[in-house]
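Have a look at the structure below before the remarks.
Nothing in this text is a laboratory measurement; each read-out follows from the coordinates by a stated rule. Just so we're clear, the structure is a prediction, and the values are computed from it rather than from any experiment. Because the Cβ atoms are built from the backbone with ideal geometry, glycine has one as well, and the counts that use them run over all protein chains shown.
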Amino acid sequence: MNAKDVQPFPANWQTALVLVPHPDDPEYGIGAAVAKWTAEGKTVHYALACRGEAGIAGMPPEQAGPLREKEQRRSAAIVGVDDVAFWDFPDSNIHDTAELRAKIAETIATLHPDVVITIYSGPSWAPGAPNQPDHIEFAHAVAAAFDDISGSLTDVPRWLFENGPEPTHCEAVDGYTEAAVNSLAAHEAYLSVLDPGTPVVEQARRQVEMVTPAVRDLGERTVGFILKRPR
């Protein structure tokens, strides 16, 4: 990717709110950026629509949900995030509803973040790689809630970004990818079932390397973001 196509991620902020539908969603995309930000003294909050209770094949939801919550909290701590909220919307059945928008708006109003980051809303990550319906619905709900609060709050977040392909902004994360690997590998039970033939750390390293491409003049490793709403 050429640096002329993207801008550096904004630096003049202190608090970010990461909104995602499932456990492991932050780690599959932005873990290295989060590790960098918290190391710089910035505060990052995570809020998840569900506990991932439908995410482990062969495991009943009442067992998988608490397990995935535990793994998510451990994973977040590795990159310096200690505030992780779960909202109990149904895994694999998340929709852009008034209830979900209200919860998103309430969380933004409570935490007053400078920047909001969410999952990708597009139909596919790449040819042959369709996006999950939960991701699409959730990201649309975040954008709608962001627009709704823009007319009612005096301290609206300055930016809304999605993590996804064809970024408008990149955060250089040289030196932080190992923390991202360890963070994703903390989802040990989930990854072990997802690909039992590949060691968890190998799965994590492969994913982190894939989502942190080099961008000329910006970094050997970067995390990409799509600007959806400037203030």
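Values as computed for the structure displayed
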item	result
Loop-resident sites, segment 18-54, for GluC sites (Glu not before Pro), counting at most 12 other Cβ within 10 Å (DSSP)	E40
The chain: projected area of the alpha-carbon convex hull, averaged over directions, in nm²	11.9 nm²
Within the chain, percent of DSSP bridges classed antiparallel, to nearest 5	35 percent
Max mean-square fluctuation residue, GNM over the chain, Cα-Cα springs under 10 Å, options G65, G55, G41	G41
Alpha-carbon centroid distance for the pair segment 172-231 / segment 71-123, whole angstrom	19 Å
Prolate/oblate/rounded label for segment 131-231 (Cα gyration tensor, a/c 1.5)	oblate
Point-charge dipole on Cβ atoms (K/R +1, D/E -1) for the chain, about Cα centre, debye to 20	420 debye
For segment 51-117, Kirkwood radius (reciprocal of mean inverse C-alpha pair distance, Å)	13.6 Å
Long-range amide H partners of K228 with built H, under 5 Å	L160, F161, E162
Kirkwood Rh in Å, taken over all unlike Cα pairs in segment 30-86	12.1 Å
Dipole-positive endmost among Q132, V20, C170 within segment 3-230 (Cβ charges, Cα centre)	C170
Packing-based exposure ordering (other Cβ within 10 Å, fewest first) of M59, M210	M210, M59
